[in-house]
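As structure tokens, the structure follows; a few thoughts come after it.
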Amino acid sequence: MSAAAADWALEPFGLSGWATARALLLRCYPCTPAALWDAGIERLRRVPCGNRGEPIGKLLLGAQGPQGLALLLPSQRRLANGQRQRHVNGSSWAILPGARDRALWMARHALAESETVYTALTPIPSALLLLQRLGFQAVTHQCVLAALPRLAWHGAAQVHGTGAGSDARPAVLAGSEALHALRDDPLIEALHDHRQLGCDVLALQSAAGVQGWAPLVFRPQRRLGWLRTADVVYSPSQAMLARHAPALARPLLRRGYALLAFDAHQDLVPGFPSTRLFQRRFARGLPVSRAAGPGGIDHLYSELVYLHR
């Protein structure tokens, strides 16, 4: 290690060290209100992954004290085989001007756990360049935005063009009924946590006679100024979500949503009646060990759930 590198260190911090991290974030993001960061930390305190005492980020320490930070939101997934898989969402990065030459060093050491799945869902261009050098790849390429009243009046066959009668109308449960149906799902702990965080949980059974229910988690969000939108933060399959969107439309409308938004690959159901927005999400470690599967959406316990207005 060079003498210059020896002057720098990364120090983990937890909720007890939030005051120092908050001050750095306010300096580096002057246009972001303090209330956004404070509300996010309060949401984190509500769920077990925020109360286990594990770090929620790392501070970059130099000779002049803290010079930067990585806000790294931790969580775990219980997989079908009973094992637990660690996930970390690199939600926010901050570094003072005098330390920007240490940005790559900080990112490489902050994201160094080989068995951890890392995600970066809203990276700014400068952060994205660093993450791509560290092996992050785009896992979704666009946001599909659809009007729920329109979907409610379209049958599944009209949406994906496979012809009438190709799929039985799926069953959909919501709220407590959904959680009861999903009580044996490996993600049941996460589903309860996200309902506590203000998300809506639905259970989808894609066809009569099919065993098992698929969990879906939606985060309330305002889009187009004021329209309440159901943003998907978990689905085991993007294609399943698009195929059965008409069946989901009515339960979501009853919960006050006007729009449905979800991440998708570029080639997903070209005829889907929607607006498409350019929006890429990035990850490292997902292709070989993804709780949601290679074509799924998994933004549980992420900045999309914690850090929003």
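The values are calculated or read from the model by the stated rules, or taken from the named source; none is laboratory data. Computed from a predicted model, the values in this text were never measured in an experiment. Cβ: placed from backbone, ideal geometry, glycine included. Neighbour counts: every protein chain shown.
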Index of the failed condition, residue 23 passing every other in (1) over 19 Å from residue 302 (Cα atoms); (2) aliphatic (A, V, I, L, M); (3) assigned to a helix (DSSP H, G or I); (4) within 23 Å of the chain's Cα centre (by Cα): (4)
Six or more apart or on different chains, Cβ under 7 Å: which pairs go from a residue in the range 136-161 that's closer than 18 Å to residue 232 by Cα and modelled with pLDDT of 80 or more to one that's among the polar types (S, T, N, Q) and not in a helix (DSSP H, G or I)? Could you list them? 141/266; 142/266; 142/279; 143/279; 144/274; 145/274; 145/275; 146/274
Please determine, by comparing only the residues of the range 162-197 that are part of a loop (DSSP other than H, G, I, E, B) and crowded, with 17+ Cβ neighbours inside 10 Å, which one is modelled with the lowest pLDDT. 167
Of all residues in the range 121-140, how many are part of a helix (DSSP H, G or I), closer than 23 Å to residue 62 by Cβ and under 18 Å from the mean Cα position of the chain (by Cα)? 2
Residues being among the acidic types (Asp, Glu) and within 19 Å of residue 282 (Cβ to Cβ) - total across the range 74-130: 2
Hey, residue 138 in contact with a strand residue (DSSP E or B) (Cβ under 6 Å, 6 or more places away or on another chain) and within 20 Å of residue 301 (Cα to Cα) or not: yes
Which of the residues spanning the range 215-225 are in contact with a strand residue (DSSP E or B) (Cβ under 7 Å, 6 or more places away or on another chain) and at pLDDT below 95? 221, 222, 223
Within the range 209-238, restricting to residues that are assigned to a strand (DSSP E or B) and among the aromatic types (Phe, Trp, Tyr), the one that is surrounded by the fewest Cβ atoms within 10 Å (Cβ to Cβ) is 234
What number of residues within the range 6-21 are exposed (fewer than 14 other Cβ atoms within 10 Å of the Cβ) and among the charged types (D, E, K, R)? 1
